[in-house]
Every structure is written in C-alpha cells, then in structure tokens.
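Report on the following structure.
The values are calculated or read from the model by the stated rules, or taken from the named source; none is laboratory data. All values derive from a computational prediction rather than experimental measurement. All Cβ positions, glycine included, derive from the backbone under ideal geometry; neighbour counts span all protein chains shown.
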Amino acid sequence: MNSLFTPLSWDDTGYILTGVWNTITISVVAIVAGTLLGMIVGFARAESNKTVNFLFGSVLDILRSVPLIIQLILFSTFVGAIGHPMNPFVAGSIVLSLYTMAFMSEVFRGGFESVSKSMQTAARSLGMTYWQTIYHIRFPIGLRAVLPSWMGVALSVIKDSALVSVIGYMELLRTSEQLISRTQQPLEILIGVGLFYFIISYPLSHYGRYLERKMAI
Amino acid sequence: MISVQNVHKSFGDLEVLKGVSLDVPNGEVLSVIGGSGSGKSTLLYCINAIETINSGKILVDDVDVHSKDTNKDKLRQKLGMVFQHFNAFPHMTVLENAALAPRIVKKMSKEEAIEIAKKELEHVGLGDKFDVYPTRMSGGQQQRLAIARALAMKPDFMLLDEVTSALDPELVGEVLDTLRLLADEGMTMICVTHEMGFARDVSDRVAYFHQGVIAEIGEAKQVITEPQNPLTQKFLSKVR
C-alpha cells in the first residue's frame with residue numbers, strides 16, 4: 001500500500017542544507033548588526049547622564065523582556081497590517097537584530113564603563129583627543145573585557161534564530177518540522193537538527209575561549 | 001614658566017582652592033606638600049586643564065590654560081603628567097605604551113616614535129622590558145613606565161601627583177631615583193608628594209598647602225627643617 005508518508009532519504013540533503021544555510025545567514029546578520037548597534041548604544045549609554053539612560057534603558061528593557069517569539073509575530077503582523085508586508089527573512093532579521101542589540105548594548109556598556117576614569121585621564125594628559133582616547137584606549141580595553149559575554153550572547157542568537165520559523169522563514173528548525181510532517185520520523189530528524197546546532201555553535205565557543213586566552217591582559 | 005594667579009576652584013559647595021598664586025620658573029623643582037584635601041592635587045589637575053577653574057588665571061609659557069581659545073590637547077603635550085595610579089595601558093607592551101602618544105598625537109612615523117620610546121624607557125631603566133606587558137611588572141616599574149611615557153612627548157614641564165603613594169615601601173626608592181635624575185637634568189617639575197626627604201633634598205622650593213591656600217612657601221631645606229608657619233610646623237611634626 002502506498003503511504004501518505006515517505007521516509008527520510010538522501011534526496012532531502014539539499015533541503016536540509018538550505019535550512020542550515022538560512023540559519024547561518026540570519027544568525028550572522030543579527031550578530032553583526034546587533035553587535036554594531038549594541039556597541040553604539042552601549043557606548044552612548046556609558047557616556048550619557050541618568051535621564052537619557054533611563055529613556056534608553058526602558059526601550060531596551062522592553063526588547064529584552066518581551067519573548068522573542070511574540071516580538072516576531074507582532075512585528076510581522078504589524079508591518080503587514082499597515083500595508084508593507086515583508087518577506088520573513090527581512091522581518092526576522094530586523095527583529096532578531098534589535099533583540100540582539102538590546103543584549104549586546106548592556107554587554108558593551110559594561111565593558112566601556114570598566115575602563116577607569118583615571119586611565120582615560122592619563123591618556124588625555126598625554127595630549128590624546130577625546131576620540132583618540134576612545135579608539136586607542138577605551139575600545140580595545142573594554143572590548144577585551146567583554147569578549148566572553150559577547151560570545152555568550154552570540155551563541156544564544158544562533159539558537160534563538162530557530163524562533164524566526166514562526167513567521168515562515170525556512171531556517172533549520174522549520175525545514176526539519178516540514179520533514180517531520182512528511183516522514184513521521186521526529187526522533188531522527190530532531191537529533192540530527194540538534195547536532196547541527198551543536199556543530200555550528202561549538203567551534204564558535206571554542207574559538208572564543210582561544211581568543212580570550214590570547215587576548216588576556 | 002608656569003604662573004598660577006589667584007586661582008579659585010570649587011567642587012559644588014566645597015571650595016578646594018581659595019586664591020592660590022604661584023610661579024614656577026623653568027628649571028625649578030617645586031614640591032607641594034600638605035594634608036589630604038588641602039587642594040594640592042587639584043592644583044595640578046587645573047594646570048593641566050583636566051579640571052576647570054572658577055576664577056583666576058593659569059599661564060603656561062604665557063598661554064592662558066583655561067581660555068576658550070586654547071587648544072587643551074596641544075597644551076597638554078607640553079605638560080607631562082604622572083599620577084598616583086600608574087595607569088599603564090594594559091593591552092599594549094611597554095614599548096607600545098611609550099610610543100603611542102608620539103605616534104598618534106605628534107604624528108611621528110612609527111620608527112621615530114619607537115626610537116624615542118626606547119630612549120626614554122632606557123632613561124628610566126626599563127631598557128630590558130620593551131616587549132613585556134605592564135601587568136607583568138612591579139608597581140615601581142609601572143610607575144617608571146608612566147614617567148617614560150610622559151617624557152616621550154618631550155614635555156617642557158612635569159606634573160607629578162603623589163607618584164609614590166600607591167607603591168610598596170621597597171619600591172619607592174627606584175621611582176624617586178628616576179625623579180632625582182630628571183631634576184638633575186634640569187626638568188621643570190611640580191611634585192605633589194608625601195616624601196619629605198625627597199622634597200628636602202631634590203626640590204628647590206617647597207610649598208605647604210593648608211585648606212586651599214599656600215600657608216608657606218620657600219627654599220626647600222628651610223621649609224622642611226625650619227618651617228616658619230605654625231601650621232607647617234604642626235603638619236611636619238605629624239608626618240615625620
């Protein structure tokens with residue numbers, strides 16, 4: 001009897017690899033954009049007074065506290081409702097990047113604030129300008145200090161990217177869900193997918209530890 | 001010459017400098033002594049334009065330090081400053097620490113900057129530490145690095161803010177020796193210090209600060225060994 005379901009086969013490899021590729025793509029976009037934005041916002045917060053910080057902080061708190069899955073659905077529904085529907089990749093990249101930015105900004109803020117005032121004064125006393133001090137002293141020292149936390153956020157972004165599947169982006173988790181519904185082999189597929197996330201994440205965390213040792217000061 | 005003219009400085013309601021006037025001619029070593037909170041460190045910060053002043057005037061080689069038209073970054077190149085905390089840049093080697101400012105502030109070529117940095121590091125006795133990271137060095141070595149880093153900018157004046165206060169006692173000597181060397185070479189220096197022996201032996205004049213004013217200023221030996229003002233006498237009897 002012909003079954004409605006067909007088992008997993010080698011022909012599915014390309015399909016799975018598309019999912020892997022898409023997961024990597026959206027993760028890289030979110031990590032890069034989130035890091036750059038987070039660096040700017042984190043620096044602005046480290047340099048701002050209490051009032052500005054409170055306003056900034058409230059927005060970031062919202063981004064950090066509302067579950068990502070809700071932000072994704074709300075955003076893609078919202079842009080659709082106002083007549084500018086976005087493809088899932090664009091919508092997902094925007095939401096995931098902002099979400100990442102919210103966490104990264106706190107990481108970087110801590111790093112920039114860890115460089116003591118007296119260290120900066122010493123640099124200024126040598127005749128360095130404000131921006132020279134930031135570029136040559138504050139950024140390099142601050143960034144080294146936050147490397148481990150940065151890595152933690154970056155790794156969680158890769159895993160969080162699975163949630164973008166809810167708005168229809170064909171990343172790894174969504175391709176696997178579709179394969180599961182076709183093959184009815186959830187165990188094999190989910191183990192495989194879990195393994196893929198591990199293979200993507202592990203080298204990164206390993207490289208992070210290596211960098212951390214290398215740049216230790 | 002550094003000329004401080006009737007300078008007042010407040011932090012909020014607290015007036016730290018209450019009309020300080022002082023001239024330091026080229027080649028002179030002036031030690032500034034006094035209790036904590038007497039305003040002596042604040043004066044150095046005001047001379048280097050790290051702190052603003054409320055009234056009065058500070059001239060460095062006839063340039064008005066606190067004038068709006070003065071380029072403070074440019075001015076600071078003339079004024080080498082060393083602090084109580086060494087503030088070595090931890091992400092750079094000793095040589096990079098000393099070569100950074102000549103390269104990026106004075107826009108020297110890398111080779112030139114490194115040459116000057118090497119010379120000044122040898123000057124303070126760190127000729128064998130070029131490639132070491134400062135966190136691997138003792139406090140005394142880090143403080144000598146800070147001195148070399150300031151000297152690499154070829155300053156006309158050195159402002160030293162309690163540079164031995166954060167050091168273990170056995171490391172104080174090597175830093176004072178370095179300062180003595182600079183004094184012998186004719187560097188103009190203002191040293192805020194708690195080292196009375198150093199103030200007496202190395203400086204030309206000593207100023208005693210008390211609650212934001214100069215209570216006594218005069219020839220070094222005289223102020224330290226035969227202070228005229230009862231306040232100076234009381235202070236010195238406590239720190240000896």
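Would you mention how many residues in segment A:55-113 are aromatic (F, W, Y) and either closer than 15 Å to A:G38 by Cβ or crowded, with 22+ Cβ neighbours inside 10 Å (or both)? Before the answer, list the steps.
Just the residues of segment A:55-113 that are aromatic (F, W, Y), to begin with: A:56, A:75, A:78, A:89, A:99, A:103, A:108, A:112.
The next check asks that each one be either closer than 15 Å to A:G38 by Cβ or crowded, with 22+ Cβ neighbours inside 10 Å (or both); those that pass are A:56, A:99, A:103, A:108, A:112.
Adding up the residues that qualify gives 5.
Determine which single condition A:L143 fails, assuming it passes every other condition in (1) of a type in the set (A, V, I, L, M); (2) in contact (Cβ under 8 Å) with a residue 60 or more places away in the chain; (3) within 14 Å of chain B (Cβ to nearest Cβ).
(2)
Scan (1) away from chain B (no Cβ under 14 Å); (2) surrounded by fewer than 22 Cβ atoms within 10 Å (Cβ to Cβ); (3) over 15 Å from the mean Cα position of the chain (by Cα) for the single condition A:Y169 breaks and write down its number.
(2)
When you scan segment B:94-116, do you find a residue that is under 18 Å from the mean Cα position of the chain (by Cα), crowded, with 18+ Cβ neighbours inside 10 Å and within 11 Å of another protein chain (Cβ to nearest Cβ), even just one?
Taking segment B:94-116 and keeping what is under 18 Å from the mean Cα position of the chain (by Cα), we get B:98, B:101.
Right, trim to crowded, with 18+ Cβ neighbours inside 10 Å and you get B:98, B:101.
This time we only want the ones that are within 11 Å of another protein chain (Cβ to nearest Cβ), so: B:98, B:101.
Among the residues of segment B:94-116, at least one is under 18 Å from the mean Cα position of the chain (by Cα), crowded, with 18+ Cβ neighbours inside 10 Å and within 11 Å of another protein chain (Cβ to nearest Cβ), which makes the answer yes.
Here are some conditions: (1) within 24 Å of B:L43 (Cα to Cα); (2) modelled with pLDDT of 95 or more. B:T164 meets all but one. Which one does it not meet?
Among (1) within 24 Å of B:L43 (Cα to Cα); (2) modelled with pLDDT of 95 or more, B:T164 violates only (2).
Yes or no, residue by residue, for (1) at pLDDT below 95; (2) surrounded by fewer than 22 Cβ atoms within 10 Å (Cβ to Cβ); (3) in contact with a His (Cβ under 8 Å, 6 or more places away or on another chain):
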| site | (1), (2), (3) |
| --- | --- |
| B:V4 | no, no, no |
| B:F11 | yes, yes, no |
| B:E15 | yes, yes, yes |
| B:V32 | no, no, no |
| B:G37 | yes, yes, no |
| B:K40 | yes, no, no |
| B:I47 | no, no, no |
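Just to be sure, is A:F139 more than 30 Å from B:D73 (Cβ to Cβ) and either of a type in the set (F, W, Y) or in contact with a Lys or Arg (Cβ under 6 Å, 6 or more places away or on another chain) (or both)? Working first, answer last.
Values: more than 30 Å from B:D73 (Cβ to Cβ): no; either of a type in the set (F, W, Y) or in contact with a Lys or Arg (Cβ under 6 Å, 6 or more places away or on another chain) (or both): yes.
No; evaluated as a whole, the condition is false for this residue.
Rundown of residues vs (1) charged (D, E, K, R); (2) facing chain B (nearest Cβ under 8 Å); (3) free of Cβ contacts under 8 Å to residues at least 12 places away in the same chain, yes/no style:
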site: A:M104; (1), (2), (3): no, no, no
site: A:E113; (1), (2), (3): yes, no, no
site: A:Q120; (1), (2), (3): no, no, no
site: A:Q132; (1), (2), (3): no, yes, yes
site: A:H136; (1), (2), (3): no, yes, no
site: A:S161; (1), (2), (3): no, no, no
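So which residues in segment B:164-194 are under 28 Å from B:L14 (Cα atoms) and part of a loop (DSSP other than H, G, I, E, B)?
B:T164, B:S165, B:A166, B:T193, B:H194
So, of the residues in segment B:52-92 that are more than 20 Å from the chain's Cα centre (by Cα) and of a type in the set (S, T, Y), which turns out to be farthest from the other protein chains (Cβ to nearest Cβ)? Spell out how you get there, then give the answer.
Initial filter on segment B:52-92 (more than 20 Å from the chain's Cα centre (by Cα)): B:54-56, B:67-71, B:90-92.
Subsequent filtering for residues that are of a type in the set (S, T, Y) retains B:55, B:67, B:70.
Working: B:S55: 23, B:S67: 18, B:T70: 13 Å.
Taking the candidates together, the pick is B:S55.
Among the residues of segment B:54-77, is there at least one that is of a type in the set (G, A, S), out of contact with any Phe, Trp or Tyr (no Cβ under 6 Å at 6 or more places or on another chain) and free of Cβ contacts under 8 Å to residues at least 12 places away in the same chain? Don't jump to the end; show me each part of the working.
So in segment B:54-77, the residues of a type in the set (G, A, S) come out as B:55-56, B:67.
Pick out the ones that are also out of contact with any Phe, Trp or Tyr (no Cβ under 6 Å at 6 or more places or on another chain) and you get B:55-56, B:67.
Within this subset, residues satisfying the condition of being free of Cβ contacts under 8 Å to residues at least 12 places away in the same chain are B:67.
The answer is yes, given that some residue of segment B:54-77 is of a type in the set (G, A, S), out of contact with any Phe, Trp or Tyr (no Cβ under 6 Å at 6 or more places or on another chain) and free of Cβ contacts under 8 Å to residues at least 12 places away in the same chain.
For segment B:195-240, name all the residues that are in contact with a Ser or Thr (Cβ under 8 Å, 6 or more places away or on another chain), closer than 26 Å to B:E185 by Cβ and outside any strand (DSSP E or B).
Going residue by residue through segment B:195-240, those that are in contact with a Ser or Thr (Cβ under 8 Å, 6 or more places away or on another chain) are B:195, B:198-200, B:202-203, B:205-212, B:214-216, B:220, B:223.
If we keep only those that are closer than 26 Å to B:E185 by Cβ too, we end up with B:195, B:198-200, B:202-203, B:205-207, B:220, B:223.
Those that are in contact with a Ser or Thr (Cβ under 8 Å, 6 or more places away or on another chain), closer than 26 Å to B:E185 by Cβ and outside any strand (DSSP E or B): B:E195, B:F198, B:A199, B:R200, B:V202, B:S203, B:A220, B:V223.
Within segment B:218-235, take every residue that is of a type outside the set (S, T, N, Q) and touching a helix residue (DSSP H, G or I) at 6+ places or on another chain (Cβ under 7 Å) and give me the one that is surrounded by the fewest Cβ atoms within 10 Å (Cβ to Cβ). Steps first, answer last, please.
Residues of segment B:218-235 that are of a type outside the set (S, T, N, Q), as a first pass: B:218-221, B:223-224, B:226-227, B:230-231, B:234-235.
Going one step further and asking which of them are touching a helix residue (DSSP H, G or I) at 6+ places or on another chain (Cβ under 7 Å), we end up with B:220-221, B:223-224, B:227.
On the way: B:A220: 20, B:K221: 14, B:V223: 25, B:I224: 22, B:P227: 20.
Among them, the one singled out is B:K221.
Mind checking which helices (runs of 4 or more DSSP H) fall wholly inside segment A:1-92 and carry at least 3 residues that are under 30 Å from A:L190 (Cα atoms) and among the aliphatic types (A, V, I, L, M)? Full working, then the answer.
On the way: elements: A:13-47, A:50-65, A:68-81.
Helices (runs of 4 or more DSSP H) meeting the threshold: A:13-47, A:68-81.
Residues in segment B:117-140 that are within 24 Å of B:S165 (Cβ to Cβ), more than 11 Å from chain A (Cβ to nearest Cβ) and within 21 Å of the chain's Cα centre (by Cα): how many?
Matching residues across segment B:117-140 total 9.
Does A:L163 satisfy being surrounded by fewer than 21 Cβ atoms within 10 Å (Cβ to Cβ) and at negative phi? Break it down into steps so the answer makes sense when it comes.
Numbers: surrounded by fewer than 21 Cβ atoms within 10 Å (Cβ to Cβ): no; at negative phi: yes.
Spelling it out, it is not the case that A:L163 is surrounded by fewer than 21 Cβ atoms within 10 Å (Cβ to Cβ) and at negative phi.
How about segment A:6-28: which of its residues are of a type outside the set (A, V, I, L, M) and within 26 Å of the chain's Cα centre (by Cα)?
Taking segment A:6-28 first, the residues of a type outside the set (A, V, I, L, M) are A:6-7, A:9-15, A:18-19, A:21-23, A:25, A:27.
A:G14, A:Y15, A:T18, A:G19, A:W21, A:N22, A:T23, A:T25, A:S27, listed by residue number.
Out of (1) within 18 Å of B:G139 (Cα to Cα); (2) surrounded by fewer than 16 Cβ atoms within 10 Å (Cβ to Cβ), what's the single condition that is false for B:K68?
So B:K68 meets the others, but not (1).
Quick one: how many residues across segment B:14-51 are within 14 Å of B:A215 (Cβ to Cβ) and either among the β-branched types (V, I, T) or within 14 Å of chain A (Cβ to nearest Cβ) (or both)?
3
Looking only at segment B:175-217, which residues are within 17 Å of B:L151 (Cβ to Cβ) and among the hydroxyl-bearing types (S, T, Y)?
B:T178, B:T188
Suppose we filter B:L176, B:L171, B:L181 for residues that are surrounded by fewer than 23 Cβ atoms within 10 Å (Cβ to Cβ), without any contact (Cβ under 8 Å) to a residue 60 or more places away in the chain and over 17 Å from the mean Cα position of the chain (by Cα); which single one remains? I'd like the intermediate steps shown before the answer.
On the way: B:L176 fails: over 17 Å from the mean Cα position of the chain (by Cα); B:L181 fails: over 17 Å from the mean Cα position of the chain (by Cα).
Result: B:L171 is the single residue among B:L176, B:L171, B:L181 that is surrounded by fewer than 23 Cβ atoms within 10 Å (Cβ to Cβ), without any contact (Cβ under 8 Å) to a residue 60 or more places away in the chain and over 17 Å from the mean Cα position of the chain (by Cα).
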